[in-house]
């Protein structure tokens, strides 16, 4: 039963991380459309998008390992 709970928890975490990664992607896209305005924010917004997607990929890998 513990494994099922862990899988369900991972799925819930992935859902949240997916939403966060999608928002980060949209923030980066919006920033790119505003260029050259706010060009100074590129590193920060890109870092947030990178970190969000890295966390999502890591969680997906944990889920794959848990269900394998």
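The values are calculated or read from the model by the stated rules, or taken from the named source; none is laboratory data. Worth saying up front: this structure is predicted, and the values here are computed from it rather than measured. All Cβ positions, glycine included, derive from the backbone under ideal geometry; neighbour counts span all protein chains shown.
Just to check your reading of the model, which residue among 46, 55, 24 is farther than 23 Å from residue 8 by Cα, within 10 Å of the chain's Cα centre (by Cα), surrounded by 12 or more Cβ atoms within 10 Å (Cβ to Cβ) and at pLDDT 95 or above? Walk me through how you get there before you give the answer.
Working: 46 fails: within 10 Å of the chain's Cα centre (by Cα); 55 fails: farther than 23 Å from residue 8 by Cα.
One residue alone meets the criteria, 24.
Answer with yes or no whether residue 43 is at negative phi and outside any helix (DSSP H, G or I).
Details: at negative phi: yes; outside any helix (DSSP H, G or I): no.
Judged against the criteria, residue 43 is not a match.
(1) part of a helix (DSSP H, G or I); (2) without any contact (Cβ under 8 Å) to a residue 24 or more places away in the chain: which one isn't true of residue 49, the others all being true?
(2)
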